[in-house]
Amino acid sequence: GQQVMQIPQYQHVQEGEDFTTYCNSSTTLSNIQWYKQRPGGHPVFLIQLVKSGEVKKQKRLTFQFGEAKKNSSLHITATQTTDVGTYFCAGWNTGNQFYFGTGTSLTVIP
Amino acid sequence: DAGITQSPRHKVTETGTPVTLRCHQTENHRYMYWYRQDPGHGLRLIHYSYGVKDTDKGEVSDGYSVSRSKTEDFLLTLESATSSQTSVYFCAISERQGKQFFGPGTRLTVL
(Lines give C-alpha, C1' and ligand atoms only; values in the text may rest on other atoms or scores of the structure.)
Protein backbone atom coordinates (compact mmCIF):
# COMPACT_ATOMS: atom_id res chain seq x y z
CA GLY A 1 0.00 0.00 0.00
CA GLN A 2 0.82 3.67 0.01
CA GLN A 3 3.79 4.67 2.08
CA VAL A 4 5.32 8.03 2.78
CA MET A 5 8.68 7.63 4.44
CA GLN A 6 10.91 10.31 5.89
CA ILE A 7 14.58 10.19 6.70
CA PRO A 8 16.19 10.61 9.06
CA GLN A 9 13.82 9.62 11.86
CA TYR A 10 15.82 11.68 14.36
CA GLN A 11 18.38 14.45 13.93
CA HIS A 12 20.42 16.22 16.55
CA VAL A 13 22.27 19.35 15.42
CA GLN A 14 24.28 22.10 17.07
CA GLU A 15 22.59 25.47 16.93
CA GLY A 16 23.72 27.20 13.75
CA GLU A 17 24.12 23.98 11.74
CA ASP A 18 21.93 23.18 8.77
CA PHE A 19 19.24 20.48 8.75
CA THR A 20 17.54 18.55 5.97
CA THR A 21 14.69 16.03 6.04
CA TYR A 22 13.72 13.95 3.02
CA CYS A 23 10.27 12.66 2.17
CA ASN A 24 9.63 9.80 -0.25
CA SER A 25 6.28 8.50 -1.44
CA SER A 26 5.66 5.11 -3.03
CA THR A 27 3.17 6.72 -5.42
CA THR A 28 2.75 10.05 -7.18
CA LEU A 29 1.31 12.86 -5.09
CA SER A 30 -0.89 15.66 -6.38
CA ASN A 31 0.56 17.98 -3.76
CA ILE A 32 2.95 17.93 -0.84
CA GLN A 33 2.40 19.72 2.43
CA TRP A 34 4.78 20.25 5.32
CA TYR A 35 3.82 20.52 8.99
CA LYS A 36 5.69 21.16 12.21
CA GLN A 37 4.66 19.72 15.54
CA ARG A 38 6.21 20.94 18.76
CA PRO A 39 6.40 18.46 21.68
CA GLY A 40 2.97 18.19 23.28
CA GLY A 41 1.34 20.26 20.54
CA HIS A 42 -0.63 19.78 17.39
CA PRO A 43 0.70 19.87 13.80
CA VAL A 44 0.94 23.33 12.28
CA PHE A 45 0.91 23.87 8.53
CA LEU A 46 4.08 25.31 7.02
CA ILE A 47 3.67 25.22 3.26
CA GLN A 48 2.16 23.45 0.25
CA LEU A 49 3.87 22.64 -3.05
CA VAL A 50 1.88 21.61 -6.11
CA LYS A 51 4.05 21.82 -9.20
CA SER A 52 6.69 19.35 -10.30
CA GLY A 53 10.16 20.70 -9.42
CA GLU A 54 8.72 23.54 -7.35
CA VAL A 55 10.95 25.28 -4.81
CA LYS A 56 9.65 27.64 -2.13
CA LYS A 57 11.43 29.54 0.61
CA GLN A 58 10.26 30.83 3.95
CA LYS A 59 13.09 32.76 5.60
CA ARG A 60 15.59 30.04 6.62
CA LEU A 61 13.40 27.17 5.34
CA THR A 62 13.61 25.86 1.76
CA PHE A 63 11.11 23.35 0.43
CA GLN A 64 11.41 21.32 -2.78
CA PHE A 65 8.99 19.05 -4.64
CA GLY A 66 10.61 16.47 -6.88
CA GLU A 67 10.22 16.31 -10.63
CA ALA A 68 8.32 13.02 -10.43
CA LYS A 69 6.13 14.38 -7.59
CA LYS A 70 7.11 11.44 -5.42
CA ASN A 71 9.66 13.09 -3.17
CA SER A 72 10.26 16.31 -1.33
CA SER A 73 12.74 17.89 1.03
CA LEU A 74 12.84 20.54 3.73
CA HIS A 75 16.10 22.32 4.43
CA ILE A 76 16.67 24.63 7.37
CA THR A 77 19.68 26.92 7.25
CA ALA A 78 21.44 27.88 10.49
CA THR A 79 19.10 26.15 12.92
CA GLN A 80 17.84 27.90 16.02
CA THR A 81 16.43 26.45 19.23
CA THR A 82 12.98 27.56 18.08
CA ASP A 83 13.23 25.05 15.21
CA VAL A 84 12.90 22.13 17.63
CA GLY A 85 10.02 19.79 16.83
CA THR A 86 8.92 17.06 14.48
CA TYR A 87 8.57 17.87 10.80
CA PHE A 88 6.06 15.94 8.74
CA CYS A 89 5.45 15.86 5.03
CA ALA A 90 1.97 14.90 3.82
CA GLY A 91 0.11 14.71 0.57
CA TRP A 92 -2.87 13.60 -1.47
CA ASN A 93 -2.37 10.80 -3.96
CA THR A 94 -4.28 10.42 -7.22
CA GLY A 95 -6.72 8.04 -5.48
CA ASN A 96 -7.94 10.81 -3.16
CA GLN A 97 -6.19 9.40 -0.15
CA PHE A 98 -4.15 11.57 2.19
CA TYR A 99 -1.03 10.32 3.94
CA PHE A 100 1.35 11.79 6.45
CA GLY A 101 5.01 10.92 6.39
CA THR A 102 6.67 9.18 9.29
CA GLY A 103 8.22 12.42 10.54
CA THR A 104 11.70 13.68 11.45
CA SER A 105 12.30 14.76 15.03
CA LEU A 106 14.75 17.66 15.24
CA THR A 107 16.71 18.47 18.37
CA VAL A 108 18.81 21.63 18.41
CA ILE A 109 21.62 21.76 20.94
CA PRO A 110 22.39 25.30 22.14
CA ASP B 1 -5.61 29.63 15.26
CA ALA B 2 -8.61 28.37 13.34
CA GLY B 3 -11.83 27.88 15.29
CA ILE B 4 -11.64 24.17 15.89
CA THR B 5 -12.34 22.42 19.17
CA GLN B 6 -12.33 18.81 20.28
CA SER B 7 -14.23 17.23 23.13
CA PRO B 8 -13.48 15.63 25.42
CA ARG B 9 -9.81 16.53 25.72
CA HIS B 10 -9.07 13.51 27.87
CA LYS B 11 -10.98 10.28 28.35
CA VAL B 12 -10.35 7.02 30.14
CA THR B 13 -12.66 4.17 29.33
CA GLU B 14 -12.85 0.40 29.58
CA THR B 15 -12.50 -2.19 26.86
CA GLY B 16 -15.79 -2.93 25.14
CA THR B 17 -17.48 0.39 25.85
CA PRO B 18 -18.59 2.77 23.10
CA VAL B 19 -16.81 6.09 22.81
CA THR B 20 -17.66 9.17 20.76
CA LEU B 21 -15.27 12.02 20.13
CA ARG B 22 -16.54 15.33 18.80
CA CYS B 23 -14.86 17.83 16.53
CA HIS B 24 -16.48 21.25 16.13
CA GLN B 25 -15.44 24.02 13.73
CA THR B 26 -16.57 27.60 13.27
CA GLU B 27 -14.74 28.15 9.95
CA ASN B 28 -17.33 26.61 7.60
CA HIS B 29 -14.60 24.48 6.00
CA ARG B 30 -15.75 21.71 3.70
CA TYR B 31 -13.22 19.05 4.68
CA MET B 32 -12.85 17.51 8.13
CA TYR B 33 -10.49 14.75 9.19
CA TRP B 34 -9.83 12.38 12.07
CA TYR B 35 -6.29 11.17 12.75
CA ARG B 36 -4.66 9.09 15.40
CA GLN B 37 -1.09 9.63 16.51
CA ASP B 38 0.98 6.91 18.13
CA PRO B 39 4.69 6.77 18.93
CA GLY B 40 6.58 5.35 15.98
CA HIS B 41 3.62 5.71 13.60
CA GLY B 42 3.27 9.43 13.09
CA LEU B 43 -0.18 10.64 12.09
CA ARG B 44 -2.54 8.19 10.43
CA LEU B 45 -5.82 9.16 8.79
CA ILE B 46 -8.86 7.31 10.13
CA HIS B 47 -11.72 8.88 8.16
CA TYR B 48 -12.37 12.15 6.45
CA SER B 49 -15.40 14.08 5.26
CA TYR B 50 -15.68 16.24 2.15
CA GLY B 51 -19.16 17.53 2.90
CA VAL B 52 -22.26 16.93 4.98
CA LYS B 53 -22.97 13.17 4.96
CA ASP B 54 -20.01 12.61 2.59
CA THR B 55 -17.25 10.58 4.19
CA ASP B 56 -14.44 8.31 3.08
CA LYS B 57 -12.13 5.85 4.78
CA GLY B 58 -8.53 6.55 5.57
CA GLU B 59 -5.55 4.35 6.20
CA VAL B 60 -6.72 2.92 9.55
CA SER B 61 -10.53 2.95 9.50
CA ASP B 62 -11.24 -0.51 10.97
CA GLY B 63 -13.02 -0.25 14.32
CA TYR B 64 -14.07 3.36 13.75
CA SER B 65 -17.13 5.02 12.28
CA VAL B 66 -17.89 8.68 11.61
CA SER B 67 -20.84 10.91 11.02
CA ARG B 68 -21.26 14.42 9.74
CA SER B 69 -24.83 15.68 9.86
CA LYS B 70 -23.84 19.36 10.00
CA THR B 71 -20.99 21.30 8.41
CA GLU B 72 -19.56 22.23 11.78
CA ASP B 73 -19.52 18.84 13.52
CA PHE B 74 -17.63 15.64 12.76
CA LEU B 75 -18.07 12.74 15.17
CA LEU B 76 -15.74 9.78 15.57
CA THR B 77 -17.21 6.67 17.22
CA LEU B 78 -15.47 3.63 18.57
CA GLU B 79 -18.32 1.13 18.78
CA SER B 80 -16.47 -1.16 21.17
CA ALA B 81 -13.19 0.30 22.35
CA THR B 82 -10.08 -1.87 22.50
CA SER B 83 -6.71 -1.26 24.15
CA SER B 84 -5.13 -0.89 20.70
CA GLN B 85 -7.24 2.24 20.25
CA THR B 86 -5.45 4.00 23.08
CA SER B 87 -3.99 7.00 21.30
CA VAL B 88 -4.05 10.74 20.79
CA TYR B 89 -6.77 11.69 18.33
CA PHE B 90 -6.55 14.85 16.26
CA CYS B 91 -9.27 16.48 14.23
CA ALA B 92 -8.38 18.76 11.33
CA ILE B 93 -10.22 20.95 8.86
CA SER B 94 -9.48 22.39 5.43
CA GLU B 95 -11.30 24.37 2.76
CA ARG B 96 -10.13 22.12 -0.05
CA GLN B 97 -7.41 19.50 -0.36
CA GLY B 98 -4.87 21.93 0.98
CA LYS B 99 -3.78 23.52 4.20
CA GLN B 100 -5.15 21.73 7.24
CA PHE B 101 -5.78 23.29 10.63
CA PHE B 102 -5.58 20.95 13.57
CA GLY B 103 -7.49 20.84 16.81
CA PRO B 104 -5.77 20.48 20.20
CA GLY B 105 -6.19 16.70 20.33
CA THR B 106 -7.98 14.19 22.55
CA ARG B 107 -6.01 11.75 24.66
CA LEU B 108 -7.95 8.48 24.89
CA THR B 109 -6.94 5.64 27.19
CA VAL B 110 -8.70 2.29 26.92
CA LEU B 111 -8.09 0.05 29.94
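The values are calculated or read from the model by the stated rules, or taken from the named source; none is laboratory data. Note that the structure is a prediction, hence the values are computed from the model and not measured. Using ideal geometry, Cβ is built from the backbone for each residue, glycine included, and neighbour counts are taken over all protein chains shown. Ligands, DNA and RNA are stripped out before the accessible areas are found, and what is left, the full protein with its side chains, is counted by its heavy atoms. Shrake-Rupley method; radii C 1.70, N 1.55, O 1.52, S 1.80 Å.
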Carbon-plus-sulfur fraction of the accessible area of the protein assembly as shown, 1.4 Å probe, in percent? 48 percent
Can you pull the percent of Cα pairs in the protein assembly as shown with separation above 22 Å? 51 percent
Any idea of the accessible area per residue across region A:4-109, 1.4 Å probe, to the nearest Å²? 46 Å²
Take peptide A:100-107, look around each residue's Cβ out to 10 angstrom, count Cβ atoms belonging to other protein chains, and average those counts. 2
Just check region A:31-110 against the gyration tensor rule for me: Cα atoms, a ≥ b ≥ c as the square roots of the eigenvalues, rounded for a/c under 1.5, and otherwise prolate or oblate depending on whether a/b exceeds b/c. oblate
Once the in-chain neighbours fewer than 8 apart are removed, the aspartates and glutamates whose Cα is under 20 Å from residue A:56 read A:18, A:67, A:83
For region B:4-110, just run the numbers: alpha carbon Rg, then divide by 2.2 N^0.38 Å, N being how many residues it has. 0.98
For residue A:30, net neighbour charge (Lys/Arg +1, Asp/Glu -1) across residues whose Cβ lies under 13 Å away: +3
Heavy-atom accessible area per residue - chain B, 1.4 Å, Å²: 48 Å²
With the full set of protein chains present, the residues of region B:56-84 whose 1.4 Å probe accessible area falls by 30 Å² or more relative to the chain alone are B:59
Based on the Cβ-Cβ distance of residue A:82 and residue A:12, what FRET efficiency does E = 1/(1 + (r/R0)^6) give at R0 = 22 Å, to the nearest 0.05? 0.90
Roughly how large is the A-B contact in terms of buried accessible area, totalled over both chains, probe 1.4 Å, nearest 100 Å²? 1600 Å²
